[in-house]
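Below: the structure, in structure tokens.
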Amino acid sequence: MSDPILAVSNLGVDLQREGRIKRIVDNVSFALQPGEVLGLVGEAGSGKSVLARALVRAIAPPLEIVSGKVVFEGRDILSLDPRALARVRGNRIGFIGANPMGSLDPRLPIGQQIVEKLRSVQPEIGRAEARDRVLDFFGRVRIPSPSARFHEAPFQFSGGMMQRVMIVDALVSDPSLVIADNITQPLDVTVAAQIIRLIDGLRQSLNTAFLFISSSLPVVAQLAERTLVMQRGQIVEQGLTSELAANPRQPYTRTLLSRIPPIWKDVMAPTATDGEAVLKVDNVVRTYFVRRRGSFNAYNQVQAVRGVSFTVKAGENFGIVGESGCGKSTLTRLLAWLEQPDGGRIAFLGKDLSHLSAHSLTEMRKSFQLLLQDPYGSLPAGMPLLRMIEEPLLIHGFDRAEAARRAQEAMIEVGLDAELAHRLPVGLSAGQRQRINIARALVLRPRLLILDETLSALDQVEQAELLDLFNRLQATYGFSYVFISHDLALVRRMCHRIAVMYLGRIVELADNTTLFEQPHHPYTRALLSAMPTLEHNHFPHTRYLLDGEPPSPIDLPLGCSFRSRCPRAENDCQKTDPPLLALAGGNYAACLHRHEKETADVE
Amino acid sequence: MFVLSFLLRRLLQGSLIILLVIFIIFTLLRVVPGDPARLIVGGMAPDAVVAMKAKELGLDRPIPIQFLSYLSDLATGDLGTSFVRPKSGASLGGSAFDDSTREDRAKVLDLILGTLPMTLQLAALSLAIALSVAVPLGTLGGLHPGRWPDKLALGLGSICVSTPNFWLGIVLTLFLSVKLKLLPAIGYRGFSYTILPAIVLAVEIIPFILRTLTVSVAQVMREEFIQIAPIRGLTRSRTVLLHALGNAAIPLVNLLGVQLGMLLGGVLVVEFIFDYPGLGLLTINAVLQRDFPLIQGIAIFISVMFVAINILVDLIAMTIDPRLEY
Amino acid sequence: MSDIVQQGAAPRTVARRGLTPTRRMLQIAVGRMDFRIGFVGFVLLVGLSFLLPLISPIDPIKIAYSSKLLPPFPAEGWRWPYLLGTDQLGRDVLMRCLVGLRYSLLIGLTTVILMFIVGCSLGLYAGFRGGWVDAVIMRLTDAQLSIPMIILAITILGVSRPTVPAIILVLGLSGWPLYARVARSVALGERNRGYVLGERVLGASDLRIMVLFVAPVVLPPIAFVAVLDIARMMIFESILGFLGLGVQPPTPTFGNVIADARKYLLNAWWIATMPGLFMLVSLTCLNLMGSALERARNAVLRGEA
């Protein structure tokens, strides 16, 4: 084995505040070989991001490096003078962060900013040469039409494209080490998979070492040969990634592994019970008009929801999944009747909502409720808990005593301590706040609950508790749930039937087992193949992963809207926009060339 | 194309606003007590003369008709004629009702355009003084929140904003002009007469720039792209000068547009104290003499300037930051 | 990094978090040195201005030639109890300042309350309703903003009689658009916040949401900054007084006292400068409080504390 390119020994970082000292990075030692990809996993708050910054000495008060050495290419970074440090940072060591949209000056063209960076770390490079080099890298990370995009500002890029720009920014000075801190975290699953694949290709051609940091072991496992596991500032276990996943030695690593929800192995898909239709959505359309940038009065049509139909039955869990921009948030607003559809109808318990009078609509609102994602913003601050839970009853004209009685019952039912009744919500955890929201919905005795990413702000443990609560309430009251989520593992666990959305449409609607094991639409397969898993993925990257990004909902391609990214697209896809076709078993898919006969590639 | 459509939209919006302003001012001046015709001819004049004057000025017609004829005059660039001011020099007052004819009185537009350069000179100098004091201090304050430059900026800002401008004018005149004889103060006989009023006006502007700049610089410095710049290999001086200041300038430019009205208020008082022959002095005298056409003309002229400067400010902000769109 | 830092600091913030944001802002502001200095000074001066005229035998209006043009305290020849000297008619300068402060504060405070009520309710309504209501209200504020408030004020007061209610009305009406703008922009932001959507889904009416939920969140931070405007309005009041368009003599106000004393500037400098200095000190106290509140508000809204 050659000399390590980076050797960290006994590194310690403290947080000092108001005379109290807290150790954030505790005596960390590890080494990284040239060209190696080393993974680092740990939960939020484990200190991994602070560690990443300590490696490049980007630590400012109240944080302080208190001990250790960071030997990079034979010299200790922590004892370099500022000028020597400036020759290393951004030059020999590249850094990519979790916030690509915020990483460059929002006003200036990205090309200019990367040239600026390159020339400030390598002043001997001329302007023209620097520009050529940046353009060359734009091509290598597959940014389409690099010379045009060179002159665009960050706000004109999508998150995924901007992360590619930041990869160029890190690699353009030809560093021997790149620190990648949680770089896929803000991205959609198919885009994140592309980035991973891109990094995998680049490091083979460049021979650059990577420290790849993530909170998810499956993500790290896609790239890293060796992995460090970090808990409360300490490296608790390290070893080959495959070894670590198969035979964890430390209890903490085992806990991490046990929290990864299964997708295919040992899964009991919930099976549907047949009931009456509670919610019927019929060919719903919603289009926004947005003034075209830089025009006097020309408007763009943003087709957010384009002809969506489905039915939710009593006692059923219905899932809606899709990536950002697929129209699921708009659909949520339509379902909750916060906005009215431009076309089609939404009927609840057999009554078309657009035909109801204001009075009967208010009455009807009692029967369908929405739970939002953000547990902090969704509660009115400055109102005591009990009063908050009484609020829906007071709106609907119950008297105070009755409202108070029912609110107290609901608090107990959702597992909120009765002592909290007269407290303000400040200081409560995300999970407790969501319980308040559930109680607020519950007191009205609704028939349907719409859950808009309700659980995604919660940690795994809180999530599991709330899912149990949902199941219990369903058993007691016969609720139906609509889960709107980007989290495939969650819908896999909870939902009877699942709709997959792409660009404002449902492209596939199937029961849980079919969708995860024998999906018909290429997009569904792509979503599944992009999921980072430790178990064997039934849909290998090489075959199903997508290229490019979704087209803008302003100008959709003619014919099938998925064809621009579809690996199976043929000539007829340009002409025909496939409708949602009924398949066996009450399932639907909108594709001319379905994976019909093909069973999943279970090897 | 981009700029054209923007200008078109803003000009339309602006003319709507100006129309509203004209309407408000016009109505306001018609409903307040005080008969302008009597004012012109003087308190001693017989009623018949007053009525004749009113007829001559068109004041006897119904107010909507007056408004429409005023509007059509405006459209040709005619802001009307002063009630009291002759074409040359000092105001006449209203004592002698038979000695001045309408033709001898000055055009409102000429009066405004005649005094405007003086006011612009004053405003430019005071803005230059204010910026040269407040920009460095405000930037330093924003770079070191909670430290001495920040505290100095806060303290200086609090004191400046608490200083009544007329009082400061008097005190500075007493010390710098009367006692130390450093600067001339009253009237105007050369550029040096602008300095003292400009200082007083600058003291009024400084706190606003300080406050905006310390807040916006401190805010930009917390942004990810500034925090991450040293890791990307950029030097601190480059980051601060090019990236932080560039972004912090946008709120400042917007502030200058919005606070223009305040600046004008200051101009009024300062010109009055120093007897500085600008637009402000003209305004105050017009009010004290109830010269309605002049008040009306000045108010409309100022709101046109206000609208125009705000469009300009938005254009500047757009060139600094391409994300903005109005 | 920031998320980690906050994680690390969690125990500290949680301990203090059992408060609503508004209480938290107040708490931070009160903890600041500049707030305390301002508060003590201001309470002292205001207390004095209400107490001293009650207990002191000196009448701020009564003319006494026997004691005219006495210099202020440290200078040669001052006489007890005329701390800040006397004016050309032998009236005590300090006493006139205190009475002036009373009027000034009364007018400033009432004006700001008026501006706040008118501006915030229109702004809230515009931002919350959107659509044409919003467009109409906003064009109106644009128009009002483009007429410089001082010109408006002196025009109205110049042609009608300047009484205290007229001054308050004029200042208040010309100052509301800024409040309307701020309230509107905040209301626009709140309109799509979770708690508002939550109420909508529960079936609450717009009015209920606005009054019961949005206003308590949105208004206190605006009110904090309004403290700065009290000082600004007090200055405007004194400017009007200086131009002869404020409260009329013999009632002493900062403006008319200073305007009057200009004639004696060369032989009795204190009559004009002392009231200004007095005003400067009391306004600085008020502004220190206001900016401390503003900074506390910013810190809380940014989520730093």
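The values are calculated or read from the model by the stated rules, or taken from the named source; none is laboratory data. The model shown is predicted, which means the values in this text are computed figures rather than measured ones. Note: ideal-geometry Cβ built from the backbone for every residue, glycine included; neighbour counts use all protein chains shown. Ligands, DNA and RNA are stripped out before the accessible areas are found, and what is left, the full protein with its side chains, is counted by its heavy atoms. Shrake-Rupley method; radii C 1.70, N 1.55, O 1.52, S 1.80 Å.
On C-alpha positions alone, give me the angle between the axis of helix B:192-221 and the longest principal axis of chain B, in degrees, nearest 10. Its long axis makes an angle of about 40 degrees. Applying Stokes-Einstein at 10 °C and 1.306 mPa s to the Kirkwood radius of the range A:283-382, computed over alpha-carbon pairs, gives a translational diffusion coefficient of 100 µm² s⁻¹.
Write down the Kirkwood hydrodynamic radius of chain C, to one decimal in angstroms, obtained as one divided by the mean of 1/r over all alpha carbon pairs. After inverting the mean inverse Cα-Cα distance, the result is 21.9 Å.
Between the range B:51-78 and the range A:479-510, the alpha-carbon centres lie 71 Å apart. In the context of the full set of protein chains, residues of chain C present 41 Å² of accessible surface per residue (probe radius 1.4 Å, heavy atoms only).
Relative to the current alpha-carbon distance between A:Arg83 and A:Val267, full extension at 0.36 nm per residue lengthens the span by 60.6 nm. Helices in chain C, meaning DSSP H runs of at least 4 residues, each add -39500 (n - 2.57). Divided by all residues, the mean residue ellipticity at 222 nm is -24000 deg cm²/dmol.
How much FRET efficiency would the formula 1/(1 + (r/R0)^6) give for C:Arg302 and A:Ala430, where r is the Cβ-Cβ distance and R0 is 22 Å, rounded to 0.05? Before the final figure, lay out the partial values.
Details: r = 20 Å, r/R0 = 0.92.
E(calc), rounded to 0.05, equals 0.60.
What FRET efficiency, computed as 1/(1 + (r/R0)^6) with R0 = 51 Å and r the Cβ-Cβ distance, is obtained for A:Ser309 and C:Val225, rounded to the nearest 0.05? Result of the calculation: an efficiency of 0.50. How large is log10 of I(q)/I(0) for the protein assembly as shown at q = 0.04, 0.05, 0.06, 0.08 Å⁻¹ when the intensity is taken from the Debye formula with one equal scatterer per alpha-carbon? Each listed q maps to, in turn, -0.30, -0.46, -0.65, -1.07.
Calculated FRET efficiency, C:Ile113 to A:Arg20, Cβ-Cβ distance, R0 = 45 Å: about 0.55 to the nearest 0.05.
Relative contact order of the range B:259-326, taken over Cα pairs closer than 8 Å and 6 or more residues apart, is 18 percent. Around A:Asn437, with a cut-off of 15 angstrom between Cβ atoms, what is the net charge of the other residues, counting Lys and Arg +1 and Asp and Glu -1? Net local charge, A:Asn437 excluded: -3.
Give the ranking of A:Arg563, A:Arg127 by solvent-accessible surface, highest area first, calculated with a 1.4 Å probe. Write down the numbers at each step before the final one.
Numbers: A:Arg563 70, A:Arg127 165 Å².
Of A:Arg563, A:Arg127, the descending order of accessible area is A:Arg127, A:Arg563.
Taken over the C-alpha atoms, the range A:299-354 has Rg and Dmax values of 12.3, 43 angstrom.
Considering chain A, its Cα convex hull presents a mean projected area of 31.6 nm². Rounded to the nearest 10 degrees, the angle from helix A:430-442 to the longest Cα principal axis of chain A is 10 degrees.
In terms of its C-alpha gyration tensor, the range A:230-299 has an oblate overall shape, because the principal axis ratio a/c (a ≥ b ≥ c, square roots of the eigenvalues) is not below 1.5 and a/b does not outweigh b/c.
Ligands, DNA and RNA aside, A:Asp136 has an accessible area near 80 Å² when probed at 1.4 Å.
The interface between chain C and chain A buries about 2900 Å² of solvent-accessible area in total (1.4 Å probe, ligands and nucleic acids excluded).
Over all residues in A:379-386, what is the mean tally of Cβ atoms on other chains that come within 10 Å of each residue's Cβ? Mind showing how you got there, number by number?
Values: counts 3, 12, 8, 9, 5, 0, 0, 0.
Mean shielding by partner chains, rounded to a whole number: 5.
Each of C:Tyr264 and B:Met52 was given a label point 7 Å from its Cα along the Cα-to-Cβ line. The distance between the two points is 4.9 nm.
Cα axis of helix A:460-477 to longest principal axis of chain A: angle in degrees, 0 to 90, nearest 10? Helix A:460-477 sits at roughly 10 degrees to that axis. Computed extension length for B:Phe67-B:Leu180: 35.4 nm, one decimal, from 0.36 nm per residue of separation with the Cα-Cα distance subtracted.
With a simple spin-label model that places each label point 7 Å from the Cα along the Cα-to-Cβ direction, the separation between A:Asp352 and A:Thr513 comes to 3.8 nm. Subtracting the Cα-Cα distance of A:Asp417 and A:Gln156 from their residue separation scaled by 0.36 nm leaves 89.1 nm.
For the interface of B with C, what's the total buried accessible surface in square angstrom, probe 1.4 angstrom, rounded to the nearest hundred? Before the final figure, lay out the partial values.
Details: alone 17600 and 16200 Å², together 29400 Å².
Rounded to the nearest hundred, the buried surface is 4400 Å².
Between A:Leu338 and C:Tyr65, the modelled labels are 7.9 nm apart [label points 7 Å from Cα along Cα→Cβ].
For the range B:193-326, what percent of Cα pairs sit more than 18 Å apart? Intermediate results must be reported in sequence, preceding the final value.
Numbers: 5892 of 8911 pairs.
Counting pairs separated by more than 18 Å, the tail of P(r) holds 66 percent.
Within a Cβ distance under 10 Å of A:Leu38, other residues only, what is the Lys/Arg minus Asp/Glu net charge? Don't skip to the end; give the middle numbers.
On the way: positive: A:Arg226; negative: A:Glu36, A:Glu225.
So the surrounding residues net to -1.
Each helix, a run of at least 4 DSSP H residues, gives -39500 (n - 2.57); summed and divided by the residues of chain B, these come to -23000 deg cm²/dmol at 222 nm. The smallest convex shape that holds all Cα atoms of chain B, its convex hull, gives 169 Å³ per residue.
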